[in-house]
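**Student:** Below is a structure I'd like to ask you about.
Just so it is clear, none of the values below were taken in a lab; they were calculated from the coordinates. Only a predicted model underlies this, so the values are computations on that prediction, with no experimental measurement involved. In this analysis, Cβ positions are derived from the backbone assuming ideal geometry, glycine residues included, and neighbour counts consider all displayed protein chains.
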Amino acid sequence: MRSFILILLSSNMFSLLEIEIIKGSDNLSKVAFVPFGIEENLDENYGLQISTQIEKNMLLFGEFENLDKAEMLSFPSSEEDFYYRDWKIMGVDYSVIGKINSINMLGNLNISYSLFNINRRIKILEGEIIGRENNIEGIAKIISNRIYEKITGLKGIFDTKLAYIVNSDAETFQMCISDIDGKNEQILFTSAAPIMSPDWSPDRKKIAYVSFENGLAEIFIQDLASGERESIQALGMTNSAPVWSPDGKSLALVVSFSGNPDIFSYSINNKRLVRLTNHYGIDTEPSWSPDSKKIIFTSDRSGSPQLYEINTQSKRKKRLTRDGNYNARGRYFPDGKSIFFVHGNDGNFQIATKKLSSRFIETLTSTSLDESPTISPNGNIIIYATKDGSKGYLGGITLDGKSRFSLPVKNGSVREPAWSP
Amino acid sequence: MNKILISLNTFALILLFLSFTFSIFSITTLKVDEIQPIKVNFFELIDIAEPPNRVSVVKPKENINEADLIKTQESNGVKNASGLEKYKINKPDIKKELSKIKLSKEREAIIKISAIIQDKISSVWIKPNSLSKILVAKVLINLAPSGEVLNFEMVEPSKNIVFDESVLIAINKMSFFEEVLGLERKLFESNFRNFKLVFKSSGEIE
Amino acid sequence: MSKRRAKNRKLLTEINVIPYVDVSLVLLVIFMVATPFMIQGIDLDLPKTESGALNKSKGDNVTISISKEGYYSMDLGEQEKLYESFQVFSKQFEKIIKNNPNIEIFVRADRETRYDNVAQTMSLIKNFKSDSINLITEPLGNE
């Protein structure tokens, strides 16, 4: 990474010296979240609440650094009182200011906000939003998303959700979903038998998962709004690892007839099962490519678990990994050009990535028992399950490796996170 | 003789005593911490008149044309290898050797400064996550002999807004490259008066 | 021993002061040289003809101004931010130094400012940044 290439073309009248810059800084962008101003006769708390909430959201994954409120030199709430110098001198890269303009009789707040690029001395975002006074969190999420999108060019992810399984003791398994910041946890289903492999439908309205409540692995689809559960009556002995296709029309799943698991595609509307692989080895953990044309899966047909790709139309297969003797649980990046998976090496299991066009894999994490990675819809953050002793918790990492974080600890082991679309 | 010495001595002792007392007094009253002396710079508040000839003209005579030099050396080398005058040393050869040494030294200086500039920019450039896209943006920098960035312009944008923006932010943070101050004027004019920074994203996950 | 004493008996009546004078003179010189240094403690780096010209564009910098009446201000905000007291000013100044340790500091004090105010400012700056303080002066004859 540290290879510096210098192209030196000197003394020629027509060619200029070119200095190549490949490596970026390890620093994070510093953002100042100025407490929002308020019009007279409004509750002062609103302003502070909104900016604090936005700040919390933006700092959630360690992608930014903030300037503490106590360190600010001024507290502008409109462009007229905003002076770039006050922020430049503090080493700030971006400033967020805003104001609560009014509140109407129904309790709707009218909030305006702006984002400034301090180094370039320009306003890069301006917006107005109306929201209920009891939904400050929701308002803050929308503003955070817009700020995040403007700064990083990636889709904002503060309104996404996370599904996971909590195992508080040997006989209690809970299928849970929560906001990405861990708030508003909802228990969808509790069982005394294990629950596994949750996956979100692309419209975020349903979750598919495997439950052992009837003794065998069985796939259920649960509607989030109504709470209704529906079992997929596939033909095999056991059905597992359901994954929604990005178009939402079918599920990829593993069906085992007489103990030999293979990958199938299950069409939700006409309930038809189509066989994709037929091999005496174990084929499992399917996942769709973003264009719904290919499926990645783990197979031990070569003797050790490795990742393969199958074209759902032509049924042509391709081996994707060759390094080491354990590569499993593969998933595509949202752009479909890279994959991430669990790479085993001398008893250490870590999250790794690989560009499909390259031969090399790169390990991301440094803990040793990492599993079930799931990626943010914008492709910038991976959350995975890992262990601290016997207790499982969720860790996360940004793909540039600048930030590592762990999600708030629950009472009980947390496993198998699934990031909503 | 002794008397003179004794009186001189008494005088000296009195002086000594006085200086002692004075020094003690002065130390206690001033309370200046002498462990960490501070450096105070005085600056005069005057309008800085721009030197009239900022773009100094380099005498063409001094301008070494490297390409030509290498060419002549090469042809010379071929001739030497084939001819009988292999061991004959003539004055132009020594001159060429000298200029070659000079050239390599110049090259070294340029590489050194380029590396510093590269490092400086790298330390402020917050590279966006560009996923698997390969992006290149070129920026033309115009320096004053003092190292001040007079002007910059993105001559070849990458067309990825966030990437281009990150590059512009990085350059905005750098207003000075003092390193060029130590350079010979001629070298500065030919290499650092205008130069290009090429920002690249390999598309690899780092 | 006794033989020697007998030989030099006459000279013993007077003290041999020459080494004594030597030592004391050397001491005197040392102290005379050392005292001014001890008093000063501030290393003055006066401007050379060219480099003395103010060039602020090198990096981040802040200018502290002290008025004749002892008001403090910094070149922040719209143009100049005035602070009601030294305490308020020093708090803001601390924030800046904490967030931007490499910042260059310039002090601009009115000629008739009380020495106390300048000294206070200097000691404040020194608490955070002991390497350099820049004082802005006007050229001679520029009334």
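**Student:** How large is the dipole of chain A about the Cα centre if only Lys and Arg carry +1 and Asp and Glu carry -1, each at its Cβ, rounded to the nearest 20 debye?
**Tutor:** 1860
**Student:** Taking the Cα centre of the stretch A:273-317 as origin, sum charge times position over the Cβ atoms of Lys and Arg (+1) and Asp and Glu (-1), and report the length of that vector in debye to the nearest 20.
**Tutor:** Charge dipole of the stretch A:273-317: 240 debye, to the nearest 20.
**Student:** Let me spell out the model: positive unit charges on the Cβ of Lys and Arg, negative unit charges on the Cβ of Asp and Glu, origin at the Cα centre of the stretch A:29-152. What dipole size does that give, in debye rounded to 20?
**Tutor:** Result for the stretch A:29-152 is approximately 440 debye, rounded to the nearest 20.
**Student:** With n ≥ 4 as the cut-off for DSSP H runs, can you work out [θ] at 222 nm for chain A, using -39500 (n - 2.57) per run divided by the number of residues, rounded to the nearest 500?
**Tutor:** -3000 deg cm²/dmol
**Student:** For the residue pair residue B:97 and residue C:21, what label-to-label distance in nm results when each label sits 7 Å from Cα along the Cα-to-beta-carbon direction?
**Tutor:** 6.7
**Student:** What spacing in nm lies between the two simple spin-label points modelled at residue A:249 and residue C:132, each 7 Å away from Cα in the Cβ direction?
**Tutor:** According to this spin-label approximation, the distance is 6.9 nm.
**Student:** Let me confirm one metric for peptide A:24-37, namely the mean number of other chain beta-carbon atoms within 10 Å of its residues' beta-carbons.
**Tutor:** Mean number of neighbouring Cβ atoms from other chains: 3.
**Student:** Kindly rank A:194-207, A:214-227 from highest to lowest mean number of other beta carbons found within 10 Å of each residue.
**Tutor:** Highest-to-lowest ranking by the protection proxy: A:194-207, A:214-227.
**Student:** Please rank B:148, A:80, fewest neighbouring Cβ atoms within 10 Å first, as an exposure proxy.
**Tutor:** The order, fewest Cβ neighbours first, is A:80, B:148.
**Student:** For peptide B:115-123, compute the average count of partner chain beta-carbon atoms within 10 Å of each residue's beta-carbon.
**Tutor:** Counting Cβ atoms of other protein chains within 10 Å of each residue's Cβ and averaging gives 4.
**Student:** What does the charge count around residue B:114 come to, taking other residues whose C-beta lies under 13 Å from its C-beta (Lys +1, Arg +1, Asp -1, Glu -1)?
**Tutor:** That sum, taken over residues with Cβ under 13 Å, equals -2.
**Student:** Taking a ≥ b ≥ c as the square roots of the Cα gyration tensor eigenvalues, with a/c under 1.5 meaning rounded and otherwise prolate when a/b beats b/c, else oblate, which class fits the stretch A:161-419?
**Tutor:** Rounded, since a/c falls under 1.5.
**Student:** Relative contact order for the stretch A:248-350: what is it in percent, counting Cα pairs under 8 Å that are at least 6 residues apart?
**Tutor:** Relative contact order comes out at 17 percent.
**Student:** I would also like to ask the following. Kindly identify the stretch A:50-194 as rounded, prolate or oblate by the Cα gyration tensor criterion: order the square roots of the eigenvalues as a ≥ b ≥ c, call it rounded if a/c is under 1.5, otherwise compare a/b with b/c, prolate if a/b is larger, else oblate.
**Tutor:** In terms of gyration-tensor shape, prolate.
**Student:** Quick check: the distance between the Cα centres of the stretch B:170-187 and the stretch A:350-376, to the nearest angstrom?
**Tutor:** 41
**Student:** Among B:138-146, A:359-367, how do they line up from the highest to the lowest mean number of other beta-carbon atoms within 10 Å?
**Tutor:** The peptides rank, most packed first, as B:138-146, A:359-367.
**Student:** Could you put A:90, C:32 in order, starting from the residue whose Cβ has the fewest other Cβ atoms within 10 Å?
**Tutor:** Ordered by Cβ neighbours within 10 Å, fewest first: C:32, A:90.
**Student:** Now a separate question. Would you work out which of A:100, A:41, A:127 lies farthest towards the positive end of the dipole of the stretch A:29-152? Charges go on Cβ: Lys and Arg +1, Asp and Glu -1.
**Tutor:** Highest projection toward the positive end goes to A:127.
**Student:** Work out the charge dipole of the stretch A:161-419 with +1 on the Cβ of Lys and Arg and -1 on the Cβ of Asp and Glu about the Cα centre, then indicate which of A:418, A:217, A:363 is farthest towards its positive end.
**Tutor:** A:363
**Student:** Then there is this: Just name one of A:140, A:311, A:83: the one whose Cα is farthest towards the positive end of the charge dipole of chain A (beta-carbon charges, Lys/Arg +1, Asp/Glu -1).
**Tutor:** A:311
**Student:** Further question: To test your reading of the geometry: what angle, between 0 and 90 degrees and rounded to tens, separates the Cα axis of helix A:44-59 from the longest principal axis of chain A?
**Tutor:** Approximately 50 degrees, to the nearest ten.
**Student:** Could I ask something else about it? Quick one: what are the phi-derived ³J(HN,Hα) couplings along the stretch B:151-162, Karplus 6.51/-1.76/1.60 with θ = phi - 60°, whole Hz, x for glycine and proline?
**Tutor:** Whole-Hz 3J(HN,Hα) from phi for the stretch B:151-162: 7, 8, 8, 7, 7, 10, x, 7, 6, 9, 4, 5.
**Student:** Quick one: of the DSSP bridges fully inside chain A, what percent are antiparallel, nearest 5?
**Tutor:** About 90 percent, rounded to the nearest 5.
**Student:** Helix A:136-152: angle to the longest alpha-carbon principal axis of chain A, degrees 0 to 90, nearest 10?
**Tutor:** 90
**Student:** What's the center-to-center distance, using Cα atoms, between the stretch C:109-128 and the stretch A:192-263 in Å?
**Tutor:** 74
**Student:** Partner chain Cβ atoms within 10 Å, averaged over the residues of A:74-80 - can you pull that number for me?
**Tutor:** Counting other chains' Cβ atoms within 10 Å and averaging over A:74-80 gives 1.
**Student:** Calculate the tail of P(r) for the stretch A:324-421: the fraction of all Cα-Cα distances greater than 21 Å, expressed in %.
**Tutor:** That fraction is 27 percent.
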